[in-house]
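Q: Have a look at the structure that comes next, please.
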Amino acid sequence: MWICPACRLPLSLDAGTWRCAANHCYDRAKEGYVNLQLAQERNSKAPGDNKEMILARREFLQHGFYDPLIERIAELIQLHGQHPDLALFDAGCGEGYYLAQLCRQLKNAGYQCSASGCDISKVAVQRAAKTHNDCQFAVASTFKIPVEDHTIDVVVQVFAPSSEDEVARILKPNGLWILVNPGPMHLQQLKESIYAESKPHTLSQVDSQNFSLHCRESLAFDLNFQTPEQRLALLKMTPYYWHTSEQNKQQFLQAENNCQTEFDIQVLRKM
Ligand SMILES: C[S@@+](CC[C@H](N)C(=O)[O-])C[C@H]1O[C@@H](n2cnc3c(N)ncnc32)[C@H](O)[C@@H]1O
Ligand SMILES: [Zn+2]
């Protein structure tokens with residue numbers, strides 16, 4: 001399924017090394033992932049989310065706070081008629097929680113599911129591969145996805161950037177792209193405790209000849225925190241943590257109210 005980032009030929013795994021016909025080689029890391037980002041294409045030494053953000057996201061997600069979103073994505077995949085043998089790809093997969101959970105839910109619903117994902121953050125992919133060994137992971141940019149053309153049934157993309165052309169290239173005809181972005185009121189209470197004036201998120205539109213918008217919906221639910229540690233994990237996995245004063249952080253951590261989420265979910269079909 002992976003392709004060579006240097007020459008775009010398919011890679012095959014042989015004795016712990018992914019190799020293409022032109023003999024470009026990429027080691028399979030001990031955790032099981034492969035790094036398919038060429039050094040010259042990296043625009044910083046450690047691109048993507050850092051270790052602290054990754055650990056905070058894992059801690060937060062493991063409490064199941066975003067599971068209603070994952071359940072809805074699994075329902076949408078089943079509703080929109082993909083056949084039971086499904087190749088699923090997570091673009092900007094972070095530490096793999098969504099992909100692994102989705103795959104589990106689809107398997108429980110009777111699907112054969114092969115799951116893979118990429119993220120530009122090496123720490124994220126390391127964690128993903130270490131924890132979820134039933135999925136395949138690569139370090140790579142979503143702007144140059146190292147996957148063969150027309151081989152994927154569903155691309156899931158949650159709160160991560162990507163290229164529409166790349167998503168269209170890897171999807172099979174009629175394949176689905178489930179694109180999740182923050183809705184206008186996402187984490188509103190958190191923003192209010194940090195900014196004097198907090199603006200709602202604005203919704204973006206996919207404007208591409210490759211896709212038709214199949215459906216779009218908003219999913220909203222409250223996060224009910226039990227401890228300040230859970231609030232801290234949420235704060236740390238957002239960009240707000242890195243751009244706010246200690247006083248503002250304390251204000252949010254000590255607040256007792258819940259925090260609202262809102263997800264804008266677009267289901268796009270490749271034409
Ligand atoms: C907000 S996190 C979302 C992670 C995961 N989808 C989730 O919802 O938990 C954004 C992720 O996108 C990754 N990322 C940012 N730019 C990227 C790029 N160009 N290619 C691949 N991943 C990227 C970051 O490293 C980070 O893991
Ligand atoms: Zn090659």
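The values are calculated or read from the model by the stated rules, or taken from the named source; none is laboratory data. Computed from a prediction, not measured in an experiment: that's the story for all the values here. Positions of Cβ are backbone-derived with ideal geometry, glycine not excepted, and every protein chain shown enters the neighbour counts.
Q: Select from the stretch 154-197 the residues that are among the acidic types (Asp, Glu) and either in a loop (DSSP other than H, G, I, E, B) or surrounded by 20 or more Cβ atoms within 10 Å (Cβ to Cβ) (or both) and list them in ascending order.
A: Selection gives GLU197 alone.
Q: Follow-up. Among the residues of the stretch 168-199, write down those that are under 22 Å from PHE225 (Cβ atoms) and without any contact (Cβ under 8 Å) to a residue 60 or more places away in the chain.
A: Of everything in the stretch 168-199, those that are under 22 Å from PHE225 (Cβ atoms) and without any contact (Cβ under 8 Å) to a residue 60 or more places away in the chain turn out to be LYS191, GLU192, ILE194, TYR195, SER198.
Q: Also, I was wondering about something else. Hey, can you tell me all the residues within the stretch 103-121 that are farther than 24 Å from ASN50 by Cβ and in contact with an Asp or Glu (Cβ under 8 Å, 6 or more places away or on another chain)?
A: Within the stretch 103-121, the subset farther than 24 Å from ASN50 by Cβ is 103-115.
Answer for the stretch 103-121, where residues must be farther than 24 Å from ASN50 by Cβ and in contact with an Asp or Glu (Cβ under 8 Å, 6 or more places away or on another chain): CYS103, GLN105, TYR111, GLN112, ALA115.
Q: Being of a type in the set (Asp, Glu), more than 16 Å from ligand 2 (Cβ to nearest atom), at pLDDT below 95 and over 17 Å from the mean Cα position of the chain (by Cα) is the requirement here; does GLU217 meet it?
A: Values: of a type in the set (Asp, Glu): yes; more than 16 Å from ligand 2 (Cβ to nearest atom): yes; at pLDDT below 95: no; over 17 Å from the mean Cα position of the chain (by Cα): yes.
No; evaluated as a whole, the condition is false for this residue.
Q: Which of (1) closer than 20 Å to SER116 by Cα; (2) touching a Cys at 6+ places or on another chain (Cβ under 6 Å) is the odd one out, the single condition ALA22 does not satisfy?
A: (1)
Q: Search the stretch 122-153 for residues being within 16 Å of ligand 2 (Cβ to nearest atom) and buried (at least 21 other Cβ atoms within 10 Å of the Cβ), and hand back the single one that is farthest from MET53 (Cα to Cα). Break it down stepwise before answering.
A: Looking only at the stretch 122-153, we keep the residues that are within 16 Å of ligand 2 (Cβ to nearest atom), and these are 138, 140, 144-149.
Checking the rest, the ones that are also buried (at least 21 other Cβ atoms within 10 Å of the Cβ) come to 138, 140, 145-147.
On the way: ALA138: 19, ALA140: 18, ILE145: 23, PRO146: 25, VAL147: 27 Å.
Once the filter is applied, the top-ranked residue is VAL147.
Q: Pairs only if they're at least six apart or on different chains, beta carbon under 8 angstrom, first in the stretch 1-20 and touching a residue at least 12 places away in the same chain (Cβ under 8 Å), second of a type in the set (Asp, Glu) and within 16 Å of ligand 1 (Cβ to nearest atom); list them, first residue then second.
A: What qualifies is PRO5/GLU41.
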